[in-house]
Each structure stands twice: as structure tokens, then as C-alpha cells.
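Shown next, in C-alpha cells, is the structure this report addresses.
The values are calculated or read from the model by the stated rules, or taken from the named source; none is laboratory data. Values in this document were obtained by computation on a predicted structure and should not be read as measured data. As a convention, Cβ positions derive from the backbone with ideal geometry for all residues, glycine included, and neighbour counts pool all protein chains shown.
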Amino acid sequence: MRKNFGAKSWCYPQNVFIIATYNEDGSVDAMNAAWGGIYDTNKIVLALSLEHKTVKNMLKRKAFTISMADEENVIPCDYVGIVSGNKDPNKFNKTGWHFIPSKLVDAPIITELKMALECKLASYDEKEGIFIGEIVNVSVDESALTNGTIDTKKVKPITFDPVNSAYYGLGNKVGDAWKAGLKLK
Ligand SMILES: Cc1cc2nc3c(=O)[nH]c(=O)nc-3n(C[C@H](O)[C@H](O)[C@H](O)COP(=O)(O)O)c2cc1C
């Protein structure tokens, strides 16, 4: 027997993206976005409410960065999903985070979050609230590398559980992609 829950926006695992943009005065805003994912080979899709300060900033600067929320930053990552830069211009300062300007897009990179996608706004559908970013670079703090490549255990990304409104760390590796299934070929 299976139990039906009806039409829900539930999916496992769900990303926890932290989108960072510049405000009009050059200060920084950040927001939490779990409704989004990779699309095509170099694009990312986000479902965003148009009233967010982040959206206004993205439309003005045509750029943003997306950092992976991580275990060490659960509190500020959740905080930027609760408070709006529309209401609190001091929002970013309260996170205790710092930023460096991306050299490739007109957006800030949050230094405390180890992995970031630097994106140009490729297109958006105002009616649907769908935003597509072209990923022009992935940058990662060297502390999250092992033998020169990104180490998931060091990035420690978190995932959003939409059913129970919770964040989880990732578990252990359970297989190799494009390899595990070869046993059945
Ligand atoms: C776990 C979580 C996931 C969220 N995902 C989204 C999302 O995918 N799209 C969206 O529009 N808002 C999402 N939000 C809400 C925004 O992060 C929130 O409204 C934020 O205050 C917007 O900030 P801003 O106005 O400074 O841009 C999410 C919030 C949380 C806590």
C-alpha cells in the first residue's frame, strides 16, 4: 500500500542555494532558494517571487552568484530566507558574512560559503517567476579541495527537506554514477 499526499512541491534531495546580489548602493543582499536546479549543461533555473529584493537586484545588474548552503552556516543561511532586504537594509551585515566581488559577473561572492556559481541572468519569465542563469564560472575555496578537485566532505552542502521543513547534511557515498548500473547492462 502507498499513501497519497496530493499535489505538493516535494522532492528529495532539494538544493539549498544562497543567491547573492548587489543592491543599488553597492551593498550586498542574499536570499535562500530551494526551488531550483541545474538545467542544460551550463544553466541553472530558479523559481523566485518577484517581490524579493534579490529579484530587483538581479534584473538591474543582470548577474548573481549562487553559493551552496553548508553545515557550518545553517543559521545565516536560514536567516537570509526569513528576512527581506526590502525591509532590512542591514540584512547582510547581520549574517556576519563577508564578500569579494566576482571578477566575471557583477555580483558578490560570499567568502564564508565554500562553493559558488557565478552567473549571468540569461532570461526570465515574469509570469511564471522562472529565472535562468548562465553559469560562467564555478569557484571554490581551496580549503574545500582534495588533490585539486572539489571534495564534497569538505564543502558539506546541506539539503532541504520540504516535507518536514528541515535541513540535512549529506550522507555517505553509496555508489559511482554511470558505473554502478553497468553491473546490470
Ligand atoms: C528553505 C527556504 C527556501 C526558500 N526557497 C525560495 C525559493 O526557491 N524561491 C523564493 O522565491 N523564495 C524562497 N525562499 C524565501 C526567500 O529566501 C525569502 O523570502 C527572503 O527573505 C527573500 O530575501 P530578499 O527579499 O532579501 O531577496 C526560501 C526560504 C527558505 C527559508
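Can you give me the ranges of the helices (runs of 4 or more DSSP H) entirely in region 73-185 with at least 3 residues that are within 22 Å of residue 40 (Cα to Cα) and either in contact with a strand residue (DSSP E or B) (Cβ under 9 Å, 6 or more places away or on another chain) or at pLDDT below 95 (or both)?
No helices (runs of 4 or more DSSP H) qualify here.
Name the one entry in 151, 106, 141 that is more than 13 Å from the ligand (Cβ to nearest atom) and closer than 15 Å to residue 54 by Cβ.
Answer to the selection: 106.
Restricting the first residue to region 71-95 and requiring it to be among the aliphatic types (A, V, I, L, M), which pairs with a second residue that is near the ligand (Cβ under 9 Å from one of its atoms) and assigned to a helix (DSSP H, G or I) meet a Cβ separation below 6 Å and a spacing of at least six or different chains?
As it stands, the answer is 83/91, since those pairs meet every condition given.
Can you tell which of 57, 4 is out of contact with any strand residue (DSSP E or B) (no Cβ under 9 Å at 6 or more places or on another chain), of a type in the set (S, T, N, Q) and at pLDDT 95 or above? Give the derivation first.
On the way: 57 fails: out of contact with any strand residue (DSSP E or B) (no Cβ under 9 Å at 6 or more places or on another chain).
The unique qualifying residue is 4.
For residue 68, indicate whether it is within 11 Å of the ligand (Cβ to nearest atom) and among the hydrophobic types (A, V, I, L, M, F, W, C).
No: the conditions fail for residue 68.
Would a scan of region 134-146 turn up a residue that is surrounded by 15 or more Cβ atoms within 10 Å (Cβ to Cβ), of a type in the set (Asp, Glu) and more than 15 Å from the chain's Cα centre (by Cα)?
Kept after step one, since they are surrounded by 15 or more Cβ atoms within 10 Å (Cβ to Cβ), are these residues of region 134-146: 134-135, 139-141, 144.
Applying the additional criterion that residues be of a type in the set (Asp, Glu) yields 134, 141.
Still in the running and more than 15 Å from the chain's Cα centre (by Cα): 141.
Yes, that holds for at least one residue.
Kindly list, by first and then second residue, each pair from a residue in region 37-63 that is closer than 14 Å to residue 24 by Cβ and near the ligand (Cβ under 7 Å from one of its atoms) to a residue that is at pLDDT 95 or above and in a strand (DSSP E or B), limited to pairs with Cβ atoms under 7 Å and residues at least 6 apart or on different chains.
Final answer for the pair search is 53/29; 54/19; 54/21; 54/29; 54/31.
State all residues of region 46-65 that are surrounded by fewer than 18 Cβ atoms within 10 Å (Cβ to Cβ) and not in a helix (DSSP H, G or I); if no residue qualifies, say none.
Passing the criteria: 47, 49, 50, 51, 62.
If I ask for residues that are of a type in the set (Gly, Ala, Ser) and within 14 Å of the ligand (Cβ to nearest atom), which ones from region 77-103 would you list?
As a first pass, look at region 77-103 and keep what is of a type in the set (Gly, Ala, Ser): 81, 84-85, 96, 102.
Selection gives 81, 84, 85.
It is to be established whether one or more residues within region 9-29 are touching a residue at least 12 places away in the same chain (Cβ under 8 Å), near the ligand (Cβ under 7 Å from one of its atoms), assigned to a strand (DSSP E or B) and touching a strand residue (DSSP E or B) at 6+ places or on another chain (Cβ under 6 Å).
For region 9-29, residues touching a residue at least 12 places away in the same chain (Cβ under 8 Å), near the ligand (Cβ under 7 Å from one of its atoms), assigned to a strand (DSSP E or B) and touching a strand residue (DSSP E or B) at 6+ places or on another chain (Cβ under 6 Å): present.
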